[in-house]
Amino acid sequence: MRYALICLDRPNALQTRVENRPAHLEHLQSSGVVEQAGPFIDAAGQMCGSLIILNVESRAAAEAWAAADPYSKAGLFASVMIQEWKRVIG
């Protein structure tokens, strides 16, 4: 099953994102369940959130992946929405 994680950063948290980015990227790559991922960009061209597509067995697995994300552990996100997603194109 695929799940989309839509994560929005806390205001003024760019430094937290930058500091934790290497560990976050390692988590993306080493977990083996990420199909697509990338940051949202604000009007000033700065990263301000994340969109991550996971291919996992259950919502519980998506929630566990999200909880283990170094960004989440660092308190970067103001909100995280986890939504089952059906790929149609791509």
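Since every read-out is calculated from the coordinates, none of them should be taken as a lab result. These numbers were taken from a predicted model, which means no experiment stands behind them. Using ideal geometry, Cβ is built from the backbone for each residue, glycine included, and neighbour counts are taken over all protein chains shown.
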- Query: Taking segment 29-46 as the region of interest, how many residues are under 19 Å from Leu14 (Cα atoms) and under 12 Å from the mean Cα position of the chain (by Cα)?
  - Reply: 4
- Item | Segments classed as strands (runs of 3 or more DSSP E), wholly inside the chain, with at least 1 members that are surrounded by 14 or more Cβ atoms within 10 Å (Cβ to Cβ) and without any contact (Cβ under 8 Å) to a residue 40 or more places away in the chain | 34-41, 47-55
- Item | Count of residues meeting criterion [under 15 Å from Met1 (Cα atoms) and in contact with a Cys (Cβ under 9 Å, 6 or more places away or on another chain)] in segment 34-65 | 1
- Message: Being among the hydrophobic types (A, V, I, L, M, F, W, C), under 11 Å from Ala74 (Cβ atoms) and within 13 Å of the chain's Cα centre (by Cα) is the filter here; which residues of segment 4-23 pass it?
- Response: Ala23
